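What follows is calculated from the coordinates using simple rules that are stated; it is not laboratory data. Everything numeric here is computed off the predicted structure, so don't read it as measured data. Ideal geometry is used to build each Cβ from the backbone, glycine not excepted, and the neighbour counts take in all protein chains shown.
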Amino acid sequence: MRLLLKGARVIDPASGVDGARDILIEDGRIALVDVSISPSEAGHTTVVALGPSLVVCPGFIDMHVHLREPGYEHKETVATGAAAAVAGGFTAVACMPNTNPVNDSASVTRFILKQAAEAGLARVYPIGAVSKGSDGKELAEMADMRDAGCVAYSDDGRPVATALLMRRALEYAGMLGLPVIDHCEDMTLAGEGVAHEGVHASQLGLRGIPSASEDVMVERDVVLAAMTGSHAHIAHLSTSGALRSVRAAKERGVHVTCEVTPHHFTLSDERLLAPLAYDTNLKMNPPLRHAVDRDALVEGLKDGTVDVIATDHAPHHADDKRVEFDRASFGIVGLETAVSLSLDRLVHAGIISLPRMVELLSTNPARILRVPGGRLQAGDAADLTILAPDLNVTVSAPAFRSKSRNTPFDGWQLRGGVAATVVGGRVLFVNSEVPGIAGLGRA
Amino acid sequence: MSEPAARLRGKDLLGIADLTSSEISLILDTAEAMKEVSARPIKKVPALRGKTVINLFYEPSTRTRTSFEVAEKRLSADTLNIAIATSSVVKGETLIDTALNLEAMSPDVIVMRHASSGACHLLARTCKAGIVNAGDGMHEHPTQALLDAFTIRERKGRLQGLKVAIIGDMLHSRVFRSNVYLLTKMGAEVWACGPPTLMPAGVSELGAHATSSVEEAVRDADAVMMLRIQLERMQGGFFPSLREYFQVFGMTPERVRLAKPDAIIMHPGPMNRGVEIASEVADGPASVILDQVANGVAVRMAVLYLLAGGGDDETAA
């Protein structure tokens, strides 16, 4: 089986390619990337002319999603989450362990991988718990989970509870060559907070989560990463102070990386007031921060301090959101809006280039998780994200593949979207709105 | 100040933040007419005859619930009270389900108190009935601010240009938020005073001067408003002891003397004598605390009348 994609703009930051290239896919792998590959020399080949308005990238990897299975299948399953991933342009996702039971053992890891294999959609990389039950006391069986397929460790949903546990986790994960991903929040400072501590939360009478609750924890992790020499990855970084810590740490060579979500680089906390006051689809943790923080994150995406765009895809049933603001669950879905938000808010806004966006969504997450992909190289699995950067997109939550609809972006009109998603040479998603892509759907 | 509005724009009263100064003037002027009703031998007008008002209280309340009920009865509305202990909430029904069930009985107005900020917004989006916020979490308590403003205006003849000191726990207080919005919209100068641990973030952006010096707040004030200090704030580590709180922030006769000679002393109740206010001050000649209670009925009558009253022919006066 051969597939030849012709004439698209190909962007692969890993090899420095940005220009018109043809890509030949053979038996699910990339066979050749070249300026012009003629169909004749390729033999029995399906040829799809994509044209220069489409952009072929190494498959996007969302390194922070919640797939809710096992335990919360009414919110999402591995299969529905993987379907949302491919519809959103992601060929792979890394799923957090805060399921029920927690993914703190190889048996749960293997169960998730089995569900992913049966779904046969996006690749799923489980993230194992740092501590048993993610309760912050004893280390989980990290080596066993790595051998079963885990790619990182995290107690996400909550921070790695104590400085001592974080130290031990970094030391042990360092031996295994995997990163510890931390949800940085000092729970004593955050208290019962539900919104960013600032004038807007004050106006609405919502309990505040101060920026300091994130800043002190990021600084703790930076200090411990420096001490242990291991790799700490900061999940969903949201404050200007935390960004400063990461920037300074990188300058002195500490192995720290970080990710930012599309909602944190798009929205800020004044949105809680209007157009819909107390919209529970604006409740997430970390909360939407001040506009100054959002602007700092945008700057970090531009200057290289931020390594990754990750969604923190957090599906919740409508019942968990149609309640009073302080009772509503934290989190929003993100898999099916991330690419359009990145194109519209970052690339078309003139803040970053398309190649930089590909770094943030593919090259860097692959490097941080040490997983295949993140590049277009002959012999690698053909995981491709094809973008239509000028497509006009209207976000439609009812049309999401995810089981959940909890997004504040429903109805938003954005410029740029996903044209198609290819995993292991299989075309798993084709956007019928995109002219000239139909041929790929029949491939 | 602008002329009073002809009517309120919305179907609900969710907070002072949503009102214009001319709407506030309209409510206060209407309340003057309503106050006259309460002075009559027959304290009743037919303005809400045939209208149904539900008082839905998810938090215990004596003063506010009674005040609303008296206001409703004086307007001839049919009223019923639902309190948390007798409601289906204990069985786990959601607020929206409760609202839809009540809505099915076609009430004209629902007056709600709830522990969650924004709960009245949720109710207002779900129901066709007018929603009156009787206090939502730490957000707003609009009728309290209106009755406070009515009381100040009654004594001072105006709000514009007055210095009002609010002293106590601003962080958790819906009374503070509604008052700072209302008083600043009407041209008064608000000083917020309390320990920094009980001051909300961005208090100056809300429109108040912030200080931890009770003397600075009270000096030359036209009105001094004390807020209730709750015992659990001490347990929460916001201040060391009630004894020390009274030493630093309590309203004593000595501190009252710093205010203007004709200053009034206010408290939304219930009071903690000897914690935020000395009994000599609470019971002293400058205290208007019981006037506030009386005016609460008139202000709530005005709000209910403006939201649910019939045509212009059915004026209260």
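Can you compute the FRET efficiency between A:Ala438 and A:Leu273 using 1/(1 + (r/R0)^6), with r the Cβ-Cβ distance and R0 = 60 Å? Round to the nearest 0.05. The pair A:Ala438/A:Leu273 has a calculated efficiency of 0.85. Extent of chain A along its three principal axes (Cα atoms, max minus min coordinate, largest first): 67, 49, 43 Å. Of the two radii for segment A:1-157, the radius of gyration is 1.11 times the Kirkwood radius, both from the alpha carbons; that is the Rg over Rh value.
Given the convex hull of the Cα atoms of segment A:347-443, what is a quarter of its surface area in nm²? Kindly include the intermediate steps, with their values, before the conclusion.
On the way: hull surface 31.3 nm².
Spelled out: convex hull of the Cα atoms, projected over all directions, averaged, 7.8 nm².
Here chain B is treated as a Stokes sphere of Kirkwood radius computed over C-alpha pairs; at 25 °C and 0.890 mPa s its diffusion coefficient rounds to 123 µm²/s. Rounded to the nearest whole angstrom, the semi-axes of the ellipsoid equivalent to segment A:1-42, taken from the Cα gyration tensor as √(5λ), stand at 18, 12, 7, largest first. Summed over all non-identical Cα pairs, the Kirkwood treatment of segment B:136-264 gives a radius of 14.7 Å. From largest to smallest, the equivalent ellipsoid semi-axes obtained for the protein assembly as shown from the alpha-carbon gyration tensor read 57, 29, 22 Å. For chain A, modelled as a GNM whose springs connect Cα atoms under 10 angstrom apart, the maximal fluctuation among A:Thr337, A:Thr311, A:Thr80 occurs at A:Thr80. Around the amide H of A:Ala419, modelled in the peptide plane, lie the amide H atoms of A:Ile386, A:Leu387, A:Ala388, all under 5 Å away and 5 or more residues distant in sequence or on another chain.
Counting Lys and Arg as +1 and Asp and Glu as -1, what is the net charge of the other residues whose Cβ lies under 11 Å from the Cβ of B:Gly269? Display every interim value, and only then the final one.
Details: positive: B:Arg63, B:Arg228; negative: none.
Neighbour charge sum, excluding B:Gly269 itself: +2.
Which of B:Leu183, B:Leu304, B:Leu162 moves most in a GNM of chain B, Cα contacts under 10 Å? Among B:Leu183, B:Leu304, B:Leu162, the largest mean-square fluctuation in the Gaussian network model of chain B belongs to B:Leu162. Put simply, the amide H of A:Glu138, placed in the peptide plane, has neighbours under 5 Å in A:Lys132, leaving out anything fewer than 5 places away on its chain.
Net charge in the neighbourhood of A:Ala83 (other residues with Cβ under 15 Å of its Cβ; Lys, Arg +1, Asp, Glu -1) is +1. Modelled spin-label separation between B:Glu215 and A:Arg370, with each label point placed 7 Å from Cα along the Cα-to-Cβ direction: 6.6 nm.
A straight line joining the Cα centroids of segment B:1-56 and segment A:261-295 runs 35 Å. Tell me, how many Å apart are the Cα centres for segment B:254-272 and for segment A:305-354? Distance between centres, Cα-based: 50 Å.
Bridging of A:Lys6 to aspartates and glutamates at a Cα separation below 18 Å is possible for A:Asp18, A:Asp22, A:Glu26, A:Asp27, A:Asp34, A:Glu41, A:Asp383, once same-chain residues fewer than 8 apart are set aside. The listed peptides B:199-212, B:228-241, ordered by packing as a protection proxy, come out as B:199-212, B:228-241 (highest mean of other Cβ atoms within 10 Å first). Cross-link partners for B:Lys35 among the lysines, with Cα-Cα distance under 26 Å and sequence neighbours closer than 8 places in the same chain left out: B:Lys11, B:Lys43, B:Lys44, B:Lys51, B:Lys73, B:Lys156, B:Lys163, B:Lys185. Here the 3J(HN,Hα) profile of segment B:180-195, calculated from phi with Karplus coefficients 6.51, -1.76 and 1.60 at θ = phi - 60°, is 5, 5, 5, 5, 6, 4, 8, x, 8, 10, 10, 10, 9, 9, x, x Hz, Gly and Pro shown as x.
Centre-to-centre, using Cα atoms only, segment A:118-167 and segment A:226-242 are separated by 17 Å. Here the Karplus curve 6.51 cos²θ - 1.76 cosθ + 1.60, taken at θ = phi - 60°, turns the phi angles of segment A:373-389 into couplings of x, x, 7, 10, 10, 3, x, 6, 4, 7, 9, 10, 10, 10, 9, 10, x Hz, with x standing for Gly and Pro.
Applied to segment A:428-438, the Karplus parametrisation 6.51 cos²θ - 1.76 cosθ + 1.60 on θ = phi - 60° returns per-residue 3J(HN,Hα) values of 9, 8, 10, 8, 5, 6, 8, x, x, 9, 4 Hz, with x for Gly and Pro. Listed by chain and number, the lysines placed with their C-alpha closer than 17 angstrom to that of A:Lys75 are A:Lys283, A:Lys321, A:Lys403; residues fewer than eight positions away on the same chain are left out. Rounded to 0.05, the FRET efficiency of the B:Glu232 and B:Met271 pair, given R0 = 22 Å and the Cβ-Cβ distance, is 0.85.
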